[in-house]
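Novice: To start, I am sharing the structure in question, which I have written as structure tokens.
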4 protein chains.
Amino acid sequence: MANQNKIIITCAVTGSIHTPSMSPHLPVSAQEIADAAIGAAEAGAAIVHLHARNPADGRPDQSTEAFAPFLKVIKQRSNCVINITTGGAATMSVEERVKPAATFAPEVASLNMGSMNFGLYPMLERFQTFEHDWERPYLEGSRDRIFRNTFGDIEHILRTCAESGTRFEIECYDIGHLYTLAHFVERGLVKAPFFVQSVFGILGGIASHPEDVAHMKRTADRLFGNDYHWSVLGAGRSQLPIATQAIALGGNVRVGLEDSLWIGKGQLARSNAEQVNKVRQIIEGLGASIATPDEARRILQLKGGDKVSF
Amino acid sequence: MANQNKIIITCAVTGSIHTPSMSPHLPVSAQEIADAAIGAAEAGAAIVHLHARNPADGRPDQSTEAFAPFLKVIKQRSNCVINITTGGAATMSVEERVKPAATFAPEVASLNMGSMNFGLYPMLERFQTFEHDWERPYLEGSRDRIFRNTFGDIEHILRTCAESGTRFEIECYDIGHLYTLAHFVERGLVKAPFFVQSVFGILGGIASHPEDVAHMKRTADRLFGNDYHWSVLGAGRSQLPIATQAIALGGNVRVGLEDSLWIGKGQLARSNAEQVNKVRQIIEGLGASIATPDEARRILQLKGGDKVSF
Amino acid sequence: MANQNKIIITCAVTGSIHTPSMSPHLPVSAQEIADAAIGAAEAGAAIVHLHARNPADGRPDQSTEAFAPFLKVIKQRSNCVINITTGGAATMSVEERVKPAATFAPEVASLNMGSMNFGLYPMLERFQTFEHDWERPYLEGSRDRIFRNTFGDIEHILRTCAESGTRFEIECYDIGHLYTLAHFVERGLVKAPFFVQSVFGILGGIASHPEDVAHMKRTADRLFGNDYHWSVLGAGRSQLPIATQAIALGGNVRVGLEDSLWIGKGQLARSNAEQVNKVRQIIEGLGASIATPDEARRILQLKGGDKVSF
Amino acid sequence: MANQNKIIITCAVTGSIHTPSMSPHLPVSAQEIADAAIGAAEAGAAIVHLHARNPADGRPDQSTEAFAPFLKVIKQRSNCVINITTGGAATMSVEERVKPAATFAPEVASLNMGSMNFGLYPMLERFQTFEHDWERPYLEGSRDRIFRNTFGDIEHILRTCAESGTRFEIECYDIGHLYTLAHFVERGLVKAPFFVQSVFGILGGIASHPEDVAHMKRTADRLFGNDYHWSVLGAGRSQLPIATQAIALGGNVRVGLEDSLWIGKGQLARSNAEQVNKVRQIIEGLGASIATPDEARRILQLKGGDKVSF
Ligand SMILES: [Zn+2]
Ligand SMILES: [Zn+2]
Ligand SMILES: [Zn+2]
Ligand SMILES: [Zn+2]
């Protein structure tokens, strides 16, 4: 892992895993997403990772029209680094998923390092009433849905976004995804420094045991040495313990309602900023400092907030 | 890992990864597959893991007609445990893949614990001339092909085969696959003892570093305690080192031309039996013993070779 | 590791590693030691681990006369669990070291699980002027000094203290010390629940890399299952990162000026309580709670503060 | 770990752990030690690690007179690398222990990286009748004996032997010993390439679990990168499994009656050569090759068999 003296907090404000009926605090409209992102940035997030949703029913929406309104607002009101998902939702085609990042050429876009099962259906035990028609089938459908990211898809996204100088939040849901990244590095399709986001606790990927975190870092260290910056996210209740372990190991962290709706046991987070605050306190309690957006830009060698297409 | 005093050698005689032009020793016809399986059993394999191929061009063939001829012959000429793939090839539908195991009700069927990329195309650098039309596109096509094993698919195969008392060689290509198995165990869909086959070295899955092997075992030990038997296979040139490490850790091993065409550096194995012999020597050199088919039946609690439908 | 819902903070207020010239805040007199212990308890420490020093020059002093004054005061003014060292200083004989614990029969006494080198001399690079004659030779002498804890010594301390119902803070400075503990457990000389204090960062023992912490826990889990409670201490600047990693892994922590004089980079801690506060903030920041002295008594199955001989 | 294409077998022919009544095959007289060493070399050992014994009763004897007779014979009759112990026996003073290596200036001398308990007494359960008076008290005495290797002692041995160009088999019985080596490397007292001999299974040191082996290698890799060559020895029945695991990890191995009297379960090895043969078969079974003495000299950068003082 490359040396950093500041810790980058990424905040993933809404994502596509949770559905609106699960929490009244999940940002849905462009306004809510913009406010959540700006609030997270004010609380200390250097990067905001963004998905869009249909304002009518909260369904994941990967159209450029859905992204445009909040991108502009966030850019105007905050200096934070904007990171646009190419993951979208597992229900979408890859062409659809890459469109917003290709169109808006953000400083960072997410990129998933492999096809996998993505089991959302166990949430049906916890959440049983849904306001919108699409929610239950969306969760149920994850039994047979594959989150598609073939070698060809990855290559396509890499080539498409590289043209506009976008760098990647490289999402690794299992150890094999690190090896897939190494494969693309070897083929010269990804350039250092890599920003590796290790994802723990999704059914279908690696879980969130401390040994899993340790092996993920050990493997990335072996494969990428000083060429990568490491960030982690823990799904659900593992969010904060995973973040804490990563901080103790010198890594960066991602929080936000995309990854967890919670702020404590049985207690919904009222905002993305609340989670950012909590993890920031741990970082500062340890005597470490958080990176500002410009420090994150230097660390990750980003092109700058003025070189985007929105 | 459950205690065993004998080590089970599985031999996977032909599979669907390699194509006929890669080695003249790859069994293709029913006769060749039967001979290879029997030879492996005579050399010390307790279990033979079987795929079928079209005798005309060596293409993977999951029809029951393709399996029937060699199943009968092997059953007649050997006491070894017969294990029928439900993986088939990544090009096939799940319905097609499960047919032979559902029809013939073998003692063991393989079962893959997750959807994943399965990158065969790097072999195109090593192998450049192909006898058959289908070979190059088959390898090339792996860039965009997903080896599909959704939660729904796994449940379907578990339910289908469980009816006839077939047990599973549970193939885990990454750490997340172990957690997927734990998920099905928790749901009561798989019964101990589990026969976990950890697969190392497929592009898309975990690689074959000793730390990967260690973390795989550590995780399985934590999740399954004494409820599982552990076997490993290393793809390509990692076959023997991985087998050796597993033996040193007390595990079982799988060899065979499905997993590696080689017997030494740059040296093609002339038969499956040759690989079985080599790994057997290492086992016996360590003062350990190999399991006979009947010992494997006891260890894995199989229904018996007389309860199959062929 | 046994399940706990509360985290036990131990504070080691003065020890015998540091010398008075290193920090004006190191407690030396009985009054200072009592105040430090009570302050630590008020800040959240459930257990205070105590050494005594000669009030004239701060030299480690293992006489019962040196312990008596502060033991009574602490007992009167605080409910915290008192833990008396049997480590003393590496310059002392084992008979001398065990005397205070044998005499005062505290609820907990420390017990070191092996003989080892204990290199204090590298501190001579940082600290160069000393007020007292004994300080420099004490540090220099660590080049040739062995911290003696033979199997015979350990057995002697176990038998001596067990009579009066004292339990142990079992200090493990390396992986082999865990196996030594397992050896005594097997011989029936130690009873569960074990309170294992893993020590990281002493020259001569294991260092403070996150992988070291992970392997320590992994080994203790394998050897002791649910029969042990785990606590860690990191020497010097590793104090807080090690504590944080342990908290993320579900463990307990030890802080205090015995282990580190620092509160931040280049910044001396002004009190033991300051370190307790800092680690407490991390614990509570994670949504966990600290154990009260009585909760620690229940968790560790201690005899009670009324059953001591002081 | 530095790359090697050949595996170095060291054979430790008699040592000081076992006593003559434990096995009739333990070499005791100079003639027996010479024959054992030459036999081991002929079987494939590139290095022989040597202790001497009193021919009358088999007691460890660190006098130069005891070493001289077999050193000359081995040198004359074999090209193998001669490695003289500086460990001697835990009953001896350091001055006594270093004498033979200082006098004879061998190509390699062993060097232990820390003081520790060294528990031989559990062998009293297995071996109950002894021919010689000294044997039982020698084993019993290990309860209170410390194998002394202070920082000062290590520095003394390093400086004494370095003058004559002797290199070291650096014995590490626990993780902390690796860090002690790193300390001496940092102080410039040891020069690369380091030949690290990790010792597993001595009571007082790290045990012989595969995770212990993995963590030892992982730590050495992190501390020494390509500057070290790794060898392992497993005590007693762990000898062969540990060797096998190390071979699978790319390391070198040590066998011999110093480390284990056994060749199989309950079966005494009739010679050192028998153990060398067994491990050689595993190495060659894996398709690897053993190093000749001259290849070992090149790998470890030894001064040459003609530059010794015997
Ligand atoms: Zn996302
Ligand atoms: Zn197969
Ligand atoms: Zn202490
Ligand atoms: Zn020796």
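Just so you know, all these numbers are worked out from the coordinates, no wet-lab data involved. Keep in mind that what you see is a predicted model, and the values were worked out from it rather than measured. Note: ideal-geometry Cβ built from the backbone for every residue, glycine included; neighbour counts use all protein chains shown.
Novice: Assuming a ≥ b ≥ c are the square roots of the Cα gyration tensor eigenvalues, decide whether the protein assembly as shown counts as rounded (a/c under 1.5), prolate (otherwise, with a/b larger than b/c) or oblate. List each step's numbers first, then the result.
Specialist: Details: a/c = 1.87, a/b = 1.15, b/c = 1.63.
Verdict is oblate for the protein assembly as shown.
Novice: Given the pairs B:K265/D:K278; B:K191/B:K303; B:K6/B:K191; B:K6/D:K278; C:K217/C:K303, which span a C-alpha to C-alpha distance of over 18 angstrom in this model? Show your work: numbers first, answer last.
Specialist: On the way: B:K265/D:K278 23 Å; B:K191/B:K303 14 Å; B:K6/B:K191 22 Å; B:K6/D:K278 20 Å; C:K217/C:K303 27 Å.
Pairs exceeding the cut-off: B:K265/D:K278; B:K6/B:K191; B:K6/D:K278; C:K217/C:K303.
Novice: Collect residues whose amide H, placed 1.01 Å from N in the peptide plane, falls under 5 Å from the amide H of D:Y228; neighbours closer than 5 in sequence don't count.
Specialist: D:A2, D:F194
Novice: Rounded, prolate or oblate: which fits the stretch B:6-307 when a ≥ b ≥ c are the square roots of the eigenvalues of the alpha-carbon gyration tensor, with rounded for a/c under 1.5 and prolate only if a/b beats b/c?
Specialist: Working: a/c = 1.18, a/b = 1.14, b/c = 1.04.
Taking the square roots of the gyration eigenvalues as a ≥ b ≥ c, the stretch B:6-307 is rounded.
Novice: I need the calculated FRET efficiency for the pair A:E163 and C:R222, taking r as the beta carbon distance and R₀ as 41 Å, to the nearest 0.05. The partial results should precede the final answer.
Specialist: Working: r = 51 Å, r/R0 = 1.25.
Efficiency, rounded to the nearest 0.05: 0.20.
Novice: Summarise the partner chain shielding of D:278-290 as one whole number: the mean count of Cβ atoms from other chains within 10 Å of each residue's Cβ.
Specialist: What the average comes to for D:278-290 is 4.
Novice: Starting from a label point 7 Å past Cα on the Cβ side, list the distances from D:N5 to the same position in the other copies, nm, shortest first.
Specialist: Ordered by distance, the counterparts are at 4.4, 4.6, 6.4 nm.
Novice: Could you check what % of the DSSP bridge pairs in the protein assembly as shown are antiparallel, to the nearest 5? Don't jump to the answer; show the numbers that get you there.
Specialist: On the way: 20 of 152 bridges.
Of those bridges, close to 15 percent are antiparallel.
Novice: Connecting C-alpha atoms closer than 10 Å in a GNM of chain A, tell me which of A:E258, A:E274, A:E125 has the biggest fluctuation.
Specialist: A:E125
Novice: Still on this structure, please answer the following. With θ set to phi - 60° and the Karplus curve 6.51 cos²θ - 1.76 cosθ + 1.60, what are the ³J(HN,Hα) couplings of the stretch B:58-75 in order, to the nearest whole Hz, using x for Gly and Pro?
Specialist: Running phi through 6.51 cos²θ - 1.76 cosθ + 1.60 with θ = phi - 60° gives x, 5, x, 9, 9, 6, 5, 4, 6, 7, 3, x, 7, 4, 4, 5, 5, 4 Hz.
Novice: Let me ask you something else. Would you compute, from DSSP H runs of 4+ residues alone, the mean residue ellipticity of chain A at 222 nm, taking -39500 (n - 2.57) per run and dividing by the full residue count, rounded to the nearest 500?
Specialist: Numbers: 11 runs with 120 residues, N = 310.
The per-residue figure over chain A is -11500 deg cm²/dmol.
Novice: Same structure again: At 7 Å along Cα-to-Cβ for each site, give me the label-to-label distance between D:R270 and B:K191 in nm.
Specialist: Going from the D:R270 label point to the B:K191 one covers 5.0 nm.
Novice: Let me ask another. Measuring nothing but label to label, 7 Å from Cα along Cα→Cβ, what are B:D221's distances to the other copies in nm, shortest first?
Specialist: Label point to label point, same position, other copies: 1.0, 1.8, 2.0 nm.
Novice: Between C:T91 and B:T64, what FRET efficiency follows from the Cβ-Cβ distance if R0 is 56 Å, with the result rounded to 0.05?
Specialist: My answer for the efficiency is 0.10.
Novice: Something else: Enumerate the amide H contacts of C:L203 below 5 Å, restricted to partners 5 or more residues apart or on another chain; note that Pro and chain-start residues carry no placed amide H.
Specialist: Counting only residues 5 or more places away or on other chains, the set is C:G119.
Novice: Pull out a ≥ b ≥ c, the square roots of the eigenvalues of the alpha-carbon gyration tensor of the stretch B:155-224, then state rounded if a/c is under 1.5, prolate if not and a/b is larger than b/c, and oblate in the remaining case.
Specialist: Values: a/c = 2.42, a/b = 1.82, b/c = 1.33.
Cα axes put the stretch B:155-224 in the prolate bin.
Novice: Among all the aspartates and glutamates, which ones have a C-alpha under 16 Å from C:K99's C-alpha, if same-chain residues fewer than 8 places away are not counted?
Specialist: Output for C:K99: C:D61, C:E65, C:E107, C:D153, C:E155, C:E163.
Novice: OK, next. Give me the net charge of A:S16's neighbourhood, meaning all other residues with Cβ under 11 Å from the Cβ of A:S16; Lys, Arg count +1, Asp, Glu -1.
Specialist: +1
Novice: Ok, one more. Over the stretch D:6-302, what is the percentage of antiparallel beta bridges among all DSSP beta bridges, to the nearest 5?
Specialist: Among the beta bridges of the stretch D:6-302, antiparallel pairing accounts for roughly 15 percent.
Novice: Right, next: Any idea what the A:A192 label distances to the other copies are, label 7 Å down the Cα→Cβ vector, nm, shortest first?
Specialist: With the label placed 7 Å along Cα→Cβ, A:A192 yields 1.7, 4.6, 4.8 nm.
Novice: Please tell me the relative contact order of the stretch B:6-307 in percent, rounded to the nearest whole number, where contacts are Cα pairs under 8 Å and at least six residues apart. The partial results should precede the final answer.
Specialist: Details: 607 pairs, mean separation 72.4, N = 302.
Relative contact order comes out at 24 percent.
Novice: Still on this structure, I have one more. If I take every Cα pair under 8 Å that is 6 or more residues apart in the stretch D:147-243, average their sequence separation and divide by the length, what percent do I get for the relative contact order?
Specialist: 28
Novice: Moving on. Taking the Cβ of B:G287 as the center, what net charge do the other residues with Cβ under 10 Å away carry, scoring Lys and Arg +1 and Asp and Glu -1?
Specialist: +2
Novice: Out of residues 5 or more away from B:A291 or on other chains, whose amide H comes under 5 Å of its own, with H placed 1.01 Å from N in the peptide plane?
Specialist: B:I7, B:I8, B:I9
Novice: Can you compute 3J(HN,Hα) from phi for each residue in the stretch C:278-285, using the Karplus curve 6.51 cos²θ - 1.76 cosθ + 1.60 with θ = phi - 60°, rounded to whole Hz and x for Gly and Pro?
Specialist: With coefficients 6.51, -1.76 and 1.60, one gets 5, 6, 5, 4, 5, 4, 6, x Hz.
Novice: Calculate the dipole size of the stretch D:6-302 relative to its Cα centre from +1 charges on Lys and Arg beta carbons and -1 charges on Asp and Glu beta carbons; express the result in debye to the nearest 20.
Specialist: Charge dipole, the stretch D:6-302, about its Cα centre: 500 debye, nearest 20.
Novice: Also, I was wondering about something else. With respect to the axis carrying D onto A, what is the closest chain D residue by Cβ position, and how many angstrom separate it from the axis?
Specialist: D:R218, 4
Novice: Further question: In peptide D:179-192, what is the residue-averaged number of other protein chain Cβ atoms found within 10 Å of each Cβ? List each step's numbers first, then the result.
Specialist: Values: counts 12, 7, 0, 2, 5, 0, 0, 1, 1, 0, 0, 0, 0, 0.
Per residue, the number of nearby Cβ atoms from other chains is 2 on average.
Novice: Using θ = phi - 60° and the Karplus relation 6.51 cos²θ - 1.76 cosθ + 1.60, list the HN-Hα couplings for the stretch B:85-101 in order, rounded to whole Hz, with x at every Gly or Pro.
Specialist: Those phi angles translate into 5, 10, x, x, 9, 5, 7, 9, 7, 5, 4, 4, 5, 7, 3, x, 5 Hz.
Novice: Also, I was wondering about something else. With each pseudo-label sitting 7 Å past Cα toward Cβ, what's the B:S21-A:E284 distance in nm, one decimal?
Specialist: Placing both labels 7 Å beyond Cα along the Cβ direction yields 6.5 nm.
Novice: Full extension from A:Q76 to A:F127: what is 0.36 nm times the residue separation minus their Cα-Cα distance, to one decimal in nm?
Specialist: Result for the pair: 14.7 nm of gain on full extension.
Novice: Here is a further query. Report, as an integer, the average count of C-beta atoms from other chains found within 10 Å of each Cβ along D:232-243.
Specialist: So the per-residue partner count for this stretch is 1.
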